[in-house]
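The following block contains the structure, expressed as structure tokens.
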Amino acid sequence: MAEKSYKPQKDKPMQVNEPAAVYQRVPAGEAALYVPTEYEQEIIMCSEKDLEEGRYCTQEEMDKKVAEWLS
């Protein structure tokens, strides 16, 4: 099998199929906090309301439902 070499071209924007990676170092002792988007915050609030009002399933109940759906 032949190997295709990757040669980035200067002055050309990256294409979608080209690999790209960005790494960021966080200094020791400094926590990197994730800030949820507005949509994620809304979903979290709805989930908390569901829990407070008793609208939830245990993992065992969910496993049974999934088994029924797949049968």
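The values are calculated or read from the model by the stated rules, or taken from the named source; none is laboratory data. What you see is a predicted model, and the numbers here were worked out from it, not measured in a lab. Please note: Cβ atoms are built from the backbone with ideal geometry, for glycine as well, and neighbour counts cover all protein chains shown. Note: accessible area is taken over every heavy atom of the protein model, side chains too, but ligands, DNA and RNA are not part of it. Shrake-Rupley method; radii C 1.70, N 1.55, O 1.52, S 1.80 Å.
Read through the list (1) open to solvent by 100 Å² or more (accessible area, probe 1.4 Å); (2) at pLDDT 95 or above; (3) of a type outside the set (Val, Ile, Thr), then give the number of the only condition that Ala67 fails.
Result: Ala67 passes all but (1).
Report the residue count in the range 32-54 for those that are surrounded by 10 or more Cβ atoms within 10 Å (Cβ to Cβ) and of a type outside the set (A, V, I, L, M, F, W, C).
Selection size over the range 32-54: 8.
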